[in-house]
1. Based on the Cα gyration tensor of the range 111-259, what are the three equivalent ellipsoid semi-axes, each the root of five times an eigenvalue, rounded to whole Å and given largest first?
2. Taking 7 Å along the Cα-to-C-beta vector as the label spot, tell me the residue 67-residue 443 distance in nanometres, rounded to one decimal.
3. Post the alpha-carbon centroid distance, the range 201-249 to the range 152-184, in whole angstrom.
4. Sort 267-273, 86-92 by packing, meaning the average of other beta carbons within 10 Å per residue, with the highest value first.
5. Number of Lys-Lys pairs in the chain under 19 Å by Cα, sequence gap 8 or more or different chains?
6. What percent do you get for the relative contact order of the chain when only Cα pairs under 8 Å and 6+ apart count?
7. Which three semi-axes in whole Å describe the equivalent ellipsoid of the chain, each the square root of 5 times a Cα gyration tensor eigenvalue, listed largest first?
8. Can you tell me the length gained on complete extension of the stretch residue 276 to residue 149, counting 0.36 nm per residue apart and subtracting the Cα distance?
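Every read-out reported here was derived from the displayed coordinates using simple, explicitly stated rules and does not represent laboratory data. Computed from a predicted model, the values in this text were never measured in an experiment. A quick note on method: Cβ atoms are made from the backbone with ideal geometry, for glycine too, and the neighbour counts reach across all protein chains shown.
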Amino acid sequence: MRLAPLLLSVALAAGLGLATAPAPAAGQSAQAETRIPQHSFATADRLREQALASELGYRITESLTTEVGPRMAGSEADSRAVEWAIAKFHELGYDKVWTEPVTFPKWVRHSESGEVVGEHAQPLTLTALGGSPGGTVEGEIVRFDDLEALEAAPAGSLAGRIAFVDYEMERARDGAGYGPGGTLRSRGPSAAIRAGADGFLMRSAGTDLHRNPHTGNTRFDEGLEPIPAAALSLPDAQQLTRLLALGKPIRVRLALDVGWDGEYTSQNVIGEITGASKPEEKVMIVAHLDSWDLGTGAVDDGAGIGITMAAGKLIGDLEQRPARSIRVVAFANEEQGLWGGRAYADRYAGEVTDHLIAAESDFGAGRIYALSSGAPDHAQGAVRQIAEALAPLGIEYAGSAGGPGPDLIPFAGKGLMWARLAQDGTDYFDLHHTPDDTLDKIDPAALAQNVAAYAVFAYLAAQAEGDFGSAPKDD
Ligand SMILES: [Zn+2]
């Protein structure tokens with residue numbers, strides 16, 4: 001998961017549970033209540049038990065992270081990931097499989113290093129932020145506690161220097177700490193430029209204490225000349241702070257061979273299980289196919305791909321298909337700006353109503369603990385019914401808390417209704433965007449619980465009599 005710079009505030013409200021959607025207006029017209037027909041629940045119970053007993057989600061994640069490995073948008077592995085997803089949907093027996101192009105600027109990472117120079121010379125473990133320009137800079141470090149402190153630095157005060165923001169991100173089940181951590185990563189470099197800095201360093205937006213830097217996208221405000229920007233591993237940020245505490249000027253050299261390299265066209269890969277009676281209407285469950293390059297993208301977002309592909313497959317294997325179709329989307333280039341999600345929203349802007357409701361799995365592989373949706377009053381009863389079917393999985397109804405997953409934000413802006421299956425993200429930011437994001441971190445039992453939840457959610461939503469509130473709106 002990442003936060004699209006321009007959509008940051010939306011994403012905060014959305015993915016991170018910091019705010020709730022506006023309550024449906026009281027006294028709205030007496031629209032018929034959406035209900036899930038009672039006969040659907042026996043099938044849902046069976047789906048749930050089948051999913052819990054199945055390793056399929058884990059095996060799909062294993063296949064992607066092993067056979068393709070890291071798959072940064074625009075890299076050689078991007079196209080192999082697309083081919084992998086097409087083949088996997090076919091192998092799983094999806095009725096329809098197709099791709100839709102997604103074009104974006106390509107950012108590449110060749111090499112990166114950093115070191116303290118002078119009396120206390122020593123190497124630093126760091127990684128360039130996505131979108132950073134390349135270059136080698138050396139300068140005295142000026143430390144700030146947080147983004148606000150850096151933003152308060154007078155213009156020109158950092159001339160010839162490197163800004164270092166040592167903000168400590170908090171651990172939280174719902175990932176709330178990533179709000180300020182992600183904001184620093186996205187806005188810090190521009191603030192450093194305004195104060196005149198030649199380079200930008202931050203303590204990684206993460207919660208581990210291993211020597212793994214966390215990459216992630218940044219952006220530069222228009223009209224500013226970009227500067228090399230990187231994140232230090234947490235132990236290295238602590239080390240730099242201790243060096244500064246010696247009371248002498250500390251100089252760092254930062255050498256990044258990274259940058260923009262033309263345009264690239266990837267694909268959103270889509271698999272669909274055809275509905276029995278209203279096939280043109282669909283419930284969408286999604287994840288993103290790309291990852292950062294440092295790990296193998298297991299928790300971000302190989303897990304989401306495994307969960308959603310497996311859930312769709314289990315529904316496809318039912319003797320009696322649900323009324324509506326189940327559409328599984330593996331989005332291109334989420335990490336560098338929701339490019340796949342934006343392309344989808346543009347393409348289907350005229351078909352919002354056919355997309356009954358959608359949920360994204362992009363918060364790791366931890367257990368799901370809550371179901372919520374921004375659905376209006378007349379559909380909240382149906383959301384509650386689904387939550388009741390999920391209760392044996394330890395999942396509770398959470399009203400309209402949260403918002404759409406990142407790839408769904410652009411389409412939600414055009415009126416798509418979202419649901420959120422909130423995962424326990426307590427440990428997510430130990431791994432997120434690091435070299436340590438690998439398959440061994442995934443608990444297969446927790447992953448199966450996710451598959452069960454997505455299968456039950458998608459099946460029951462696809463059986464609903466009535467809608468969940470998807471309707472065109474101007475974004
Ligand atoms: Zn992700």
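1. Here the semi-axes work out to 20, 18, 15 Å.
2. 2.9 nm
3. Using only Cα atoms to place each centre, the spacing works out to 9 Å.
4. 267-273, 86-92
5. 10
6. 25 percent
7. Values: eigenvalues 338, 96, 77 Å².
Ellipsoid half-lengths, sorted descending, are 41, 22, 20 Å.
8. Details: separation 127, 0.36 × 127 = 45.72 nm, distance 5.79 nm.
Length gained, residue 276 through residue 149: 39.9 nm.
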